[in-house]
Structures are given as C-alpha cells and as structure tokens.
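Note sheet for the following structure.
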Amino acid sequence: MTEGREKRSGVTIAPSLGIGPLCGGGEKRSSHPDDLDNVQIAANFSVVIRPADEVLREHGVNPTAQRSAVLAAVAKNPHSSADEIAEHARTDLGSISRQSVYDALSLLVDSAILRRIQPIGSPALYETRVGDNHHHIICRECGVVVDVDCAVGFRPCLEAADDHGFEIDEADVAYWGRCPTCRTTTTKN
C-alpha cells in the first residue's frame, strides 16, 4: 500500500471486444509507476486507465487480491505459463499458492477475461486478448509467442470444410518458425 491508497493490479484491454493487448503484439503500457496498478483499455489505440477490480466486476467476477494479481500478471506478461504468472503475482502479493493461481486462471478463462492457448509441446499460456480472431507465431528456438491477426477475416477460420456435426466456436492457428533474434543469432554463429 502506498500512502493509504488501496493496492490494485492492472490489466491491458484491447480493441476487439474490449479485452486483450493491442493487435499485432503491440501491447501498450504506461511507464508511470502509478499506472501499473490500473487497467489499460485500448479503444481505437487510445489508452484509458481503469482499475482491475472494475474489469472483474464487469464480467461478474468477485474481485479478490489474488484474482487481480493474476490478471495483472497476465496483462503485463502476455503468453505466460501458470508458473510464470505465479512468480509475477507474488511480486504484487508477496505470496500466493500455486492452487490459487490455477483457480484464478480457470475462473478468468471461464469468464472470458483471459484466453488459454496451448501450443503443441508447450505448457498452457494465458493472454488478455480474447474475443477476436487472432492467432500466434511461435519461435521454435526461444519459445517467444507473438499475436498475429487472421489474414482472411473472422469467419473463414471458423468454417471447416466438413464440421462432422460439431458446432465449431473457436479455431486455433499457430504459425511456427524462428524469430528475428534467433535468426540473427544463428546467422552470426
């Protein structure tokens, strides 16, 4: 707590449906220390600061210190695993059990505040960019994950040639390759 002010964690919210970082992996964060306790909402790429508790309440989630810290950890570190999120949440809280992190992540995913992705051969990763049609580029060498918008728009990715009777509500596309840093490092060696 700072000077009687309630300690609150923040998240980055994006344009599409109001949740997630800006398109193309261009997360915007203020460098002002007080802003780290707030929510950044990007609408048409202008940023508005809001408390994390407000975002939780909007989604019908009772705000707790643990949920706010987990949400802030994901927002500040998109595409993080549960263990990485726990480490970051401990920075805000001092301590949080692994089970509390998993419980909060599950609730936040079920409430459409977070998105869970699981690239092949990797642990589940979490991000605040939900409700839009974006995919991911993953570096085979260092594991960095970057958001990429769907090249063909919203619907085509959800329309399978044959749905086999399934009601398809989500498509997950992952592009794999080497990031610019790994390509440069490999070229120099």
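The values are calculated or read from the model by the stated rules, or taken from the named source; none is laboratory data. Since the structure is predicted, the reported quantities are computational estimates derived from the model, not experimental observations. Cβ: placed from backbone, ideal geometry, glycine included. Neighbour counts: every protein chain shown.
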**Request:** Being at pLDDT 95 or above and polar (S, T, N, Q) is the filter; apply it to the range 69-89 and report the residue that is farthest from ASP147 (Cα to Cα).
**Result:** SER81
**Message:** Considering only the range 116-125, I want to know if a residue exists there that is exposed (fewer than 14 other Cβ atoms within 10 Å of the Cβ), part of a helix (DSSP H, G or I), touching a helix residue (DSSP H, G or I) at 6+ places or on another chain (Cβ under 9 Å) and in contact (Cβ under 8 Å) with a residue 24 or more places away in the chain.
**Reply:** no
**Message:** Only one of ALA52, ALA43 is at pLDDT below 90 and in contact with a helix residue (DSSP H, G or I) (Cβ under 6 Å, 6 or more places away or on another chain). Can you tell me which?
**Reply:** ALA52
**Request:** Please find, among ALA112, ALA161, ALA151, the residue that is exposed (fewer than 15 other Cβ atoms within 10 Å of the Cβ), in a loop (DSSP other than H, G, I, E, B) and touching a residue at least 40 places away in the same chain (Cβ under 8 Å).
**Result:** ALA112
**Asked** Any idea which of ALA86, ALA82 is free of Cβ contacts under 8 Å to residues at least 60 places away in the same chain and in contact with a Pro (Cβ under 9 Å, 6 or more places away or on another chain)?
**Response** ALA82
